[in-house]
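Undergrad: I have a structure I would like to understand better, so I am pasting it below and will then ask my questions one at a time.
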Amino acid sequence: MADIYNHLIRRDMDSMSTDELRDLRNASSDTLDGLMAALKVMGECAFWACDSENYSDSQAKEDLHRISESLMYLPRIAEALAFNADEAQFKIYQREGFPYTEVDNGKH
């Protein structure tokens, strides 16, 4: 199985504008959320299909094949999207400054 991860991560973020970084961060994060929702629904469909009397063994085998094929690729796609979102946010922080939170730990 070929690894899609290195084809999906962005290595040109230093040359992107801050607005482009925001767009990349948002698109990556939203797509990652969508992929996670798809994984959840695949699991639910497979689970409930097992209890259906009208779900034939051949149909189950075909569906399991399709689900397993997608599951071979989806985790690396999700990891690449998470990397892009995190890296874009870090680049934005480098340009605009890291968020400052005042901590009152009683030592000041």
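Undergrad: Are there any pairs with C-beta distances below 7 angstrom linking a residue in segment 56-83 that is hydroxyl-bearing (Ser, Thr, Tyr) to a residue that is surrounded by 15 or more Cβ atoms within 10 Å (Cβ to Cβ), with the two at least 6 apart or on different chains, and if so which?
TA: Tyr73/Ile4
Undergrad: Now for a separate question. Please verify whether segment 57-66 includes one or more residues that are at pLDDT below 85, outside any helix (DSSP H, G or I) and not acidic (Asp, Glu).
TA: no
Undergrad: A follow-up question, please. Identify, please: which residue in segment 37-63 is hydrophobic (A, V, I, L, M, F, W, C) and touching a helix residue (DSSP H, G or I) at 6+ places or on another chain (Cβ under 7 Å) and is, among those, nearest to Met13 (Cα to Cα)?
TA: Leu39
Undergrad: Pick from Cys45, Cys50: which is hydrophobic (A, V, I, L, M, F, W, C), over 25 Å from the mean Cα position of the chain (by Cα) and either at pLDDT below 85 or more than 26 Å from His7 (Cβ to Cβ) (or both)?
TA: Sole residue among the options that is hydrophobic (A, V, I, L, M, F, W, C), over 25 Å from the mean Cα position of the chain (by Cα) and either at pLDDT below 85 or more than 26 Å from His7 (Cβ to Cβ) (or both): Cys50.
Undergrad: Any idea which residue in segment 2-30 is nearest to Leu81 (Cα to Cα), counting only those that are free of Cβ contacts under 8 Å to residues at least 24 places away in the same chain, outside any helix (DSSP H, G or I) and of a type in the set (D, E, K, R)?
TA: Step by step, filter segment 2-30, then rank; the result is Arg11.
The values are calculated or read from the model by the stated rules, or taken from the named source; none is laboratory data. Predicted model, so just to flag it, every value in this text is computed and none were measured. Every residue, glycine among them, receives a Cβ derived from its backbone with ideal geometry; neighbour counts consider all protein chains shown.
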